[in-house]
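All remarks here apply to the structure that follows.
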Amino acid sequence: MKRRAFILSGLAPVAWAAVPRNLKITAVKVVVTNPARVALGNYVLVKIETNQAGLWGWGDCTCSGSELGVAKFLEEHMAPGLVGRNPMQIEDLWQTLFFLPYYRSGSVHMSAISGIDMALWDIKGKVADLAVYELLGGRARKHLLTYSTASGRNFQEVEENARKLMARGYKVIKAQVATPGMESGYSVPQSERQRAATDKAYEEGLPPAEVWEPGAYVRTVPKLFEHLRKTLGEDIGLLHDVHERVTPNQAVTLAQDLQPYKLFYLEDPLRPEHLDTFRLIRQHASTPIAMGEVFVGPWEGLNLIEEHLIDYIRNDLAHCGGITTGKKIATACEPKGILTAWHGPGNIAPISHMANAHVSLSVANFGIQECSVEWAPAVHEVFSAMPVFEDGYVNVAEKPGLGVEVNETAAAKYPYLRRLRPAIRRADETAWPY
Ligand code: MG
C-alpha cells in the first residue's frame, strides 16, 4: 500500500502521524570553548537549531590538534548543506555531508560530521521524548564497565595509584609507567625539566619537543605488569596503551612478553598506517588487542574486523562519524565476537562521552567504556550533564535525546587556548608518532 493510501486508511499509528514532517534546520552554530584552560582542553561544539521553538540538538566536533580547522570547515562547508533540511533524516544527511566536499574523509571532515550526527540524534530523541539509547534498540545492560589510568614515574607510584582506583571501585585499570632515561612518555608524568620545556613552548605558541626511544620502553612494560600482578593479584583487570610508539617487531615481542600477565587488552600496538601488520601480532601472541581511536574514515580498519585481528574496537565516535557510524561498526564486529571499547579521553567534550554511553548501552557486543569522570568545575558550568560514575561503572540518566545541554554564556567566558600537541622525535631526531 502506498504511504498516502495507508495514512488515509486510518491505520496509521499516532506516533507516525506525530513525526514533525515540516521540521527544518534553521541555523548551525559553532561554539569553541576551553573551560578547563588546559592543553587538549579546546572543545568544538555544534548546535543545530530548528523551526520548532525550543527544539535544538548539541554535538561535539572536537578534533584535538585541528580544532579551529574543524570550526571553520563546519561554518563554511557543512552548515550550508544543512540549513533548510529536515533534521529527522539522519542517514540521508550523513551521506549528503560525507559526499559534499568531494575530497572526503579525514580527521577534519569526519569530526565535523560526527558532531552534526550527535546533534541530529539529540533532536530526534527530544522529538520522540526518548533517550537516544532507546532509539538505538534500548538498554542492553544496566550500566557500563569503565576504567581509569594509574600512572607514575616508577612501579611503586603506579601501584599506589592503582590501589587508589581500586578503592573507588574500579575493576579495570590502565597502567602506564615512565621509561628509565626518558623525560616524558605517553600518559606518564613528565620530568621537571620536560615540564619546564613544555610550558616554555606553550608560552611561545609552539609544539613542545619530546624525545622517545622505544627499545627501553618495550623492556620496561612487561616488568611493570609482573610487579602489578605480584602486588595487586589476579582479579583486577589491567590494560596498557602503547600509543603506536613501537616498530612492528617490537609490538609482536611486547604482546608475547605480556602474555603471562593476562591483560584485559593491549591498546594501539601499531600505527594505523601498519594495519596489515596486525596479522603478525595475531600469529605470535594471545594477548587481547584493541585498536581504533585514530580511525577517521567510516570504514578505516575494516580489515582488522574482517580478519578478526583485534578483540576490542576502539573508534572515537567524535572522529569516525558519530553515533550512526558507531552503531554500524559495532554491528560489523558482532558476528566476530569483537567487543566495543569506544575512545573516551578528556580531550573530547562531555557530549561525546554521552554519545559513547548511549551507543554502548544499546549494542549487544559491549566490552568496556573509557570515560572521563573527573572534570574541572568550569566544565560542569558549561555542560549540564556527563556520564555518572559509580563503583566501577558509568551510566546516563533517562532524559530525552543525549541528555546534555550547553550553557553558551558560560562557554563564551572560556575561549580557545593555543596549546599545540607535542612533536615526538627519536634520539637521532627522526619524527615519530605521538
Ligand atoms: Mg589509546
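The values are calculated or read from the model by the stated rules, or taken from the named source; none is laboratory data. Please read these numbers as outputs of a predicted model, since none were measured by experiment. Counting neighbours? That spans all protein chains shown, and the Cβs are built from the backbone with ideal geometry, glycine included.
A few points about this structure:
- Any hit, the stretch 375-386, residues being crowded, with 24+ Cβ neighbours inside 10 Å and over 27 Å from residue 264 (Cβ atoms): yes
- Taking each residue of the stretch 386-411 that is more than 20 Å from residue 131 (Cα to Cα) and looking for partners that are hydrophobic (A, V, I, L, M, F, W, C) and assigned to a loop (DSSP other than H, G, I, E, B) with beta-carbon atoms closer than 9 Å, six or more apart or interchain, yields nothing.
- Search result, residues across the stretch 290-317 that are closer than 20 Å to residue 104 by Cβ and either aromatic (Phe, Trp, Tyr) or outside the structural domain of residue 363 (by TED's automatic domain parsing) (or both): 295, 299
- Considering (1) in contact (Cβ under 8 Å) with a residue 12 or more places away in the chain; (2) more than 15 Å from the ligand (Cβ to nearest atom), the lone condition that residue 246 does not fulfil carries the number (2).
- Checking residue 210 against (1) in a strand (DSSP E or B); (2) within 16 Å of the ligand (Cβ to nearest atom); (3) more than 26 Å from residue 306 (Cα to Cα), the condition it does not meet: (2)
- Of all residues in the stretch 252-268, none are more than 14 Å from the ligand (Cβ to nearest atom), at pLDDT 95 or above, more than 22 Å from residue 147 (Cα to Cα) and within 24 Å of the chain's Cα centre (by Cα).
- Condition check for residue 424: assigned to a strand (DSSP E or B) and over 26 Å from residue 171 (Cα atoms): yes
- Taking the listed residues 240, 227, 284, the one that is within 15 Å of the ligand (Cβ to nearest atom) and either in the same structural domain as residue 319 (by TED's automatic domain parsing) or not acidic (Asp, Glu) (or both) is 240, with no other qualifying.
- Annotation: residue 174 fulfils all but one of (1) of a type in the set (Lys, Arg); (2) over 24 Å from residue 390 (Cβ atoms); (3) surrounded by 22 or more Cβ atoms within 10 Å (Cβ to Cβ); the unmet one is (2).
- Test: residue in the stretch 243-256 that is under 18 Å from residue 156 (Cβ atoms) and of a type outside the set (Val, Ile, Thr): no
- Set 158, 221: member being in the same structural domain as residue 291 (by TED's automatic domain parsing) and within 16 Å of the ligand (Cβ to nearest atom): 221
- Residues that are within 14 Å of the ligand (Cβ to nearest atom), in contact with a Leu (Cβ under 7 Å, 6 or more places away or on another chain) and among the small types (Gly, Ala, Ser) within the stretch 291-345 comprise just one, 301.
- Criterion violated by residue 397 - all others in (1) under 16 Å from residue 348 (Cβ atoms); (2) among the aliphatic types (A, V, I, L, M); (3) at pLDDT below 95 satisfied: (1)
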